[in-house]
Amino acid sequence: MKDHGRSTRKRTGGRLRPMKKRKKHQIGRQPTETQVGEQKFKTIDSRGNTRKIRAVAADAASVSVDGEVVRSEIRDVVENAANPNYVRRNIITKGAVIETGEGRARVTSRPGQDGQVNAVLLDE
């Protein structure tokens, strides 16, 4: 369980004693690892009166080509700086390089948070 509250250490490295226990809003969730496949979404209640739509799987991306946005199919994950294992498992995250119908593109959105895959075409 990850706590997103105050750090347990001071700047000097000394220990900070907890002032209070963690609250519900400080606890994070498991990341949604968006895979290449038939489109599948998951709706999650977030803080306040809002919802997040998470992409569990995606088969298409909005690729920016010379200022125009083209909808293109995702064929494969070529490179992922976040985790080398994500390439083998075909997981899309922000910064991943994907193979599309237009060519190779770098993902600029966060599919696990936004529910959509936006990408910019790479010069090859």
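The values are calculated or read from the model by the stated rules, or taken from the named source; none is laboratory data. As the structure is a prediction and not an experimental result, all values here were calculated from the model. Every residue, glycine among them, receives a Cβ derived from its backbone with ideal geometry; neighbour counts consider all protein chains shown.
Under the condition of being modelled with pLDDT of 95 or more and among the charged types (D, E, K, R), which residue from region 90-103 is nearest to residue 37 (Cα to Cα)?
Filtering first and then ranking leaves 99.
Which of the residues that make up region 92-106 are of a type in the set (S, T, N, Q) and not in a strand (DSSP E or B)? Please lay out each step first, then the result.
We begin by selecting, within region 92-106, every residue of a type in the set (S, T, N, Q); these are 93, 100.
Passing the criteria: only 93.
Could you check region 4-33 and list, in sequence order, the residues that are surrounded by fewer than 10 Cβ atoms within 10 Å (Cβ to Cβ), charged (D, E, K, R) and within 21 Å of residue 110 (Cα to Cα)?
none
All but one of (1) surrounded by 14 or more Cβ atoms within 10 Å (Cβ to Cβ); (2) assigned to a strand (DSSP E or B); (3) within 18 Å of the chain's Cα centre (by Cα) hold for residue 109; state the number of the condition that does not hold.
So the condition that residue 109 fails would be (2).
Check off (1) closer than 28 Å to residue 123 by Cβ; (2) within 16 Å of the chain's Cα centre (by Cα); (3) without any contact (Cβ under 8 Å) to a residue 60 or more places away in the chain for residue 55 and give me the number that stays unchecked.
If we test residue 55 against (1) closer than 28 Å to residue 123 by Cβ; (2) within 16 Å of the chain's Cα centre (by Cα); (3) without any contact (Cβ under 8 Å) to a residue 60 or more places away in the chain, just (3) comes out false.
Name every residue in region 36-90 that is under 12 Å from residue 100 (Cα atoms) and basic (Lys, Arg), in order of residue number.
Result: 71, 75.
Given the options 99, 38, name the one that is surrounded by 13 or more Cβ atoms within 10 Å (Cβ to Cβ), more than 29 Å from residue 5 (Cα to Cα), in contact with a strand residue (DSSP E or B) (Cβ under 7 Å, 6 or more places away or on another chain) and not aliphatic (A, V, I, L, M). Spell out the reasoning first.
On the way: 38 fails: surrounded by 13 or more Cβ atoms within 10 Å (Cβ to Cβ).
The conditions single out 99.
Of these, 22, 51, which one is part of a loop (DSSP other than H, G, I, E, B) and among the basic types (Lys, Arg)? Before the answer, list the steps.
Values: 51 fails: part of a loop (DSSP other than H, G, I, E, B).
Just one listed residue meets the conditions, 22.
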